[in-house]
DNA sequence: AACATAAATGACAGCGCTGTCATTTAAAAT
DNA sequence: ATTTTAAATGACAGCGCTGTCATTTATGTT
């Protein structure tokens, strides 16, 4: 069973290989009739263009890279699934590249990866999206890229975003609706725009509901479980402790749950708790966690499409659709206990 | 800044391109002196062979595929990290392919993937490792593959394994050492060799310690959280309930924890609990979960190496090293409460 | 020293596509 | 009908490697 080449298709169709190539690449300047005829033969023969030959001849790898620093593995697999989906659709391959944003050899490694895999473009996720040095490097090497990042109007490069501000507002509103007025807030790592956005959402929600902002109810975390434990201890030992806590991600929320268990504060009866991100974890905790779910896969799909449409000639550019995060109400939140 | 080709290296070194090619591919029949000289020039020029050209000329893609069905995302990312590591080392690329083992279009999809990406070989993980139809297909298309799978002496194909039997024995021994005699066991999905192995380990540990085997302490689960809840409820309502429970994975253990919380049975005081797999979850539960940690990344690294060494000429075949799972003792297990 | 043998190297074609540019064919304009 | 202009198609080289096989050089043998 020998391989079918473009030559074979061309012969069958009675045209030159170049015309077949045109059909495959969606080039214009092919008459509708020939296009249809050739397409039919391609289908019939189940012809798949040889990627290596395409890459070599056209000097593009048909590969895009996905860079991420391990936030959570569930997030990563969703991300991958989304980008893969797009890749598959457009005949691209995906090179995944886990990295550590804060190590000095990230750039050399990436440079090396780019040189050896010749990726046509990159999809970046936080925190790499905030790594200016990295972005500058990509600019300097003319590597196309798109960012997946919290909404931030300051950015001008290709980007797909989620609105963390309004997602957080929703959560806080949910707590306020339950009668909570003293709502603790655990910040994520500063310098991450996501953290700032969430904090902003918190403040806005309070303001809109005429709940006074109390600085002492805001404590710093760093997105880790342990920091959640510490932050919760601090909040819960407050002289007038909050009746609800919003943690800037689920891991910290899990930490809060641990701290609450240690202090024998039953959730949701004496303390309501909101997480952020809807990690699988959220379903497995006792009680299950009220949190915010992001359409990560869909977002990644859009990022991929944005990138690939930028890369391929003869394709319309892509206008990503606004995607919404969603509050998932579970058992960790309830009416305030007067 | 133009690209450096083999031609450039050859000229610099005063040899033919073919000789440079020989050096790059580790072929024999190159004198040590020329090899060294060429290697030096390669380093100097930072020459990276063009993968597309290599693939096209040699008719191999320099790509290997990783097939998995979503067991847990943490597992997947570890897996990927390991295989990537090997790929990187040998200049291979990795094509990830999440699949759903139980859907009928798995094979067509895979066939398509193979045709379009021309992967040189595959790494398979459970449950695909047990999908005979899939394996037959690979055999029939002469696609090299290796399995990552629980130890099972019946298999003859290339495989890297972990010994689930002895890992489980260790856990049960741990419980027995704490004085537990009535130990509940929650089975995983039948037909998964891992489940059988774990059950075997359980029975062996009991026997070795002269603890009688009580069939009523064994209940069926299916690796999901919910099945763990149900199984635990059944066990804990037993007329003489177990003082300890071993769940065949962490998700089910989490379910047990939930059931225990509902029944107000404090862990570990009135019930000890062992999980399996050391999902990140295990650290985040309250109490933290005693479980078994597998060297997944290392295992994946070995699988990759086993595969690649099989693919590349001029390489020694690889004899994987035996890897050991390890019991991680945390807060969910304790002395039996008499 | 002359030959046989093995090791090291090179010449050359070609892998399967696509870019460039020339050529043919159809449509529009006169 | 004839010329002008645009659309459709084709010829051909070459992307950067590697496989094959011929050739050169070193090594060993008598």
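Which three semi-axes in whole Å describe the equivalent ellipsoid of segment B:1-118, each the square root of 5 times a Cα gyration tensor eigenvalue, listed largest first?
Largest first, segment B:1-118 gives 38, 16, 12 Å.
Using Cα springs under 10 Å in a Gaussian network model of chain B, which residue among B:161, B:248, B:16 shows the largest mean-square fluctuation?
Result for chain B, Cα springs under 10 Å: B:16 fluctuates most.
Counting only DSSP beta bridges with both residues in the protein assembly as shown, what percent are antiparallel, rounded to the nearest 5? The partial results should precede the final answer.
Details: 6 of 65 bridges.
If we restrict to bridges inside the protein assembly as shown, about 10 percent are antiparallel.
By how many degrees, 0 to 90 and rounded to 10, does the Cα axis of helix A:164-177 deviate from the longest principal axis of chain A?
With rounding to tens, the tilt is 30 degrees.
Roughly how large, in nm² to one decimal, is the mean projection of the convex hull of the alpha-carbon atoms in the protein assembly as shown? Intermediate results must be reported in sequence, preceding the final value.
On the way: hull surface 138.9 nm².
For the protein assembly as shown, the mean projected area of the Cα convex hull comes to 34.7 nm².
Taking residue A:8 in one copy and the same position in all the others, each labelled 7 Å out along Cα→Cβ, what are the pairwise distances from the first, in nm, shortest first?
Distances between equivalent label points, in nm: 3.7.
Dimensions of segment B:6-49 along principal axes (Cα, Å, largest first)?
Extents along the principal axes, in whole Å: 23, 16, 16.
Segment A:198-267 to segment A:92-110: how many Å between their Cα centroids?
34 Å
Which distances, shortest first and in nm, link residue A:27 to the matching position in the other copies, using label points set 7 Å out along Cα to C-beta?
3.4
With an 8 Å Cα cut-off and a minimum separation of 6 or more residues, compute the relative contact order for chain B in percent. Intermediate results must be reported in sequence, preceding the final value.
Working: 598 pairs, mean separation 55.9, N = 338.
That works out to 17 percent.
Normalising by the residue count of segment A:61-120, find the relative contact order in percent from Cα pairs under 8 Å and 6+ residues apart.
Values: 59 pairs, mean separation 32.5, N = 60.
This gives 54 percent for segment A:61-120.
Using Cα pairs closer than 8 Å and at least 6 residues apart in sequence, work out the relative contact order for segment A:1-143, in percent.
Values: 138 pairs, mean separation 33.3, N = 143.
Taking the mean separation of contacting Cα pairs over the length of segment A:1-143, I get 23 percent.
Kindly provide the helix-only [θ] at 222 nm of chain A, computed as the sum of -39,500 (n - 2.57) over DSSP H runs of four or more divided by all residues, to the nearest 500 deg cm²/dmol?
Values: 13 runs with 152 residues, N = 338.
Calculated at 222 nm, the ellipticity per residue is -14000 deg cm²/dmol.
At residue B:102, label 7 Å along Cα→Cβ: distances to the other copies, nm, ascending?
4.1
For segment A:63-191, evaluate the Debye formula with one uniform point scatterer on each Cα (no solvent term) and list log10 I(q)/I(0) at q = 0.09, 0.16, 0.18, 0.20 Å⁻¹, rounded to two decimals.
One equal scatterer on each Cα of segment A:63-191 leads to -0.33, -0.87, -1.04, -1.23.
For a quick protection proxy, order the peptides B:210-216, A:304-310, B:264-270, B:114-120 by their average other-Cβ count within 10 Å, most packed first. It would help to have the intermediate numbers written out before the result.
Details: B:210-216: 11.4, A:304-310: 23.1, B:264-270: 14.7, B:114-120: 19.6.
Final packing ranking: A:304-310, B:114-120, B:264-270, B:210-216.
Separation of segment B:58-74 and segment A:134-153 by C-alpha centroid, Å?
Computed from Cα coordinates, the inter-centre distance equals 27 Å.
At q = 0.12, 0.21 Å⁻¹, what is the log10 ratio I(q)/I(0) for segment B:145-255, with the Debye formula run over Cα points and no solvent?
Reported log10 I(q)/I(0), two decimals: -0.42, -1.11.
Just to be sure I understand: with springs between alpha-carbon atoms less than 10 Å apart, which residue in B:245, B:24, B:183 has the highest mean-square fluctuation in the Gaussian network model of chain B?
B:24
Mean projection of the alpha-carbon convex hull of chain B over all orientations, in nm²?
Values: hull surface 83.9 nm².
Computing the convex hull of the Cα atoms and averaging its projections yields 21.0 nm².
Once the Cα atoms of helix B:250-262 and of chain B are each reduced to a long axis, what angle between those two axes, in degrees from 0 to 90 to the nearest 10, is obtained?
The helix B:250-262 is inclined about 30 degrees to chain B.
Select from A:128, A:285, A:257 the residue whose mean-square fluctuation is largest in a Gaussian network model of chain A (Cα-Cα springs shorter than 10 Å).
A:285
Kindly express, to the nearest 10 degrees and within the range 0 to 90, the angle between helix B:193-208's C-alpha long axis and the longest C-alpha principal axis of chain B.
That helix lies at roughly 50 degrees to the long axis.
If you take every DSSP beta bridge whose two residues both sit in chain B, what share of them, in percent to the nearest 5, is antiparallel?
Numbers: 3 of 33 bridges.
Rounded to the nearest five, the antiparallel share is 10 percent.
Values in this text are rule-based calculations from the coordinates and carry no lab data. Bear in mind the structure is a predicted one, so any value in this text is a computation, not a measurement. Every residue, glycine as well, gets a Cβ built from its backbone with ideal geometry; the counts of neighbours run over all protein chains shown.
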